[in-house]
Amino acid sequence: MIKVADLPGVIPIFPLPGALLLPRARLPLHIFEPRYLQMLDDALKTPGRLIGMVQPNEVEGRKGNGLQTIGCAGRVTQFSETEDNRYLITLSGISRFRVQTEVDGFTPYRRCEVSWTGFDRDQGRTEEDPTFDRPVFLDLLGRYFAAQSLSADWETLKDADDELLINSLSMMLDFDPEDKQALLEAPSLSTRRETLVTLIEFALRGGEGEMMQ
């Protein structure tokens, strides 16, 4: 595991709407745009092999860099090249960060100066949710899946530890980018679970909340 002291002050940024990476979770990505192929190539040459995932924050009339202030960095832990020079990679979540300023430079992709302060929990042990009522949660999830005509491996869901279950669903469910950002910024696993429940209940009441296919 990368130590906090070894985390760089400047990292490449991949602003991808709706794509959520959380600490200790894994995010598969398909890299094909030339600028991001260059970003991957450069990242693989660094000791940490880090890429920062950040939600875009394009608001008309607002000045700024068009990025949310908090993202999550992942280490490239798997990658394979396709015959047409594209890459399938997996990012393993290391830590959240706060965007400070964007760095001007000659790279075709964006880079930002970031702060890792305030996210010590991300570098610690797997989180637990002591107030998690799994049967009630799985019942709610079952109703959501049924409403969306989706199937699931319920045995795996029942056996998964708290963090894996909550974080995996937070990443997989197709909520709006603003909702994904709220899940990312949750200060604890319990808060993330409560946010997730609220979003699922809203979807069941007629809001938009579909699984990514």
- Those residues of region 116-144 which are surrounded by fewer than 13 Cβ atoms within 10 Å (Cβ to Cβ) and not charged (D, E, K, R), in sequence order: Thr117, Gly118, Gly124, Thr126, Pro130, Thr131, Pro135, Val136
- Message: Can you pull out every residue in region 80-115 that is of a type outside the set (S, T, N, Q) and in contact with a Ser or Thr (Cβ under 6 Å, 6 or more places away or on another chain)?
- Response: Leu88, Arg98, Val99, Glu113
- Message: Quick check on my filter: what residues within region 112-150 are in a loop (DSSP other than H, G, I, E, B), touching a residue at least 24 places away in the same chain (Cβ under 8 Å) and within 30 Å of Gly52 (Cβ to Cβ)?
- Response: Trp116, Phe119, Thr126, Glu127, Glu128, Asp129, Phe132
- Query: When you look at Leu173, is it surrounded by 19 or more Cβ atoms within 10 Å (Cβ to Cβ) and over 18 Å from Leu20 (Cα atoms), yes or no?
  - Reply: no
- Whichever residue in region 151-186 is in a helix (DSSP H, G or I) and in contact with a Ser or Thr (Cβ under 6 Å, 6 or more places away or on another chain) and, among such residues, is nearest to Ile94 (Cα to Cα): Glu163
- Message: Quick test for you: out of Glu127, Glu194, Glu163, Glu210, pick the one residue that is under 19 Å from Leu20 (Cβ atoms), modelled with pLDDT of 95 or more, touching a helix residue (DSSP H, G or I) at 6+ places or on another chain (Cβ under 9 Å) and among the acidic types (Asp, Glu).
- Response: Glu163
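The values are calculated or read from the model by the stated rules, or taken from the named source; none is laboratory data. Note that the structure is a prediction, hence the values are computed from the model and not measured. All Cβ positions, glycine included, derive from the backbone under ideal geometry; neighbour counts span all protein chains shown.
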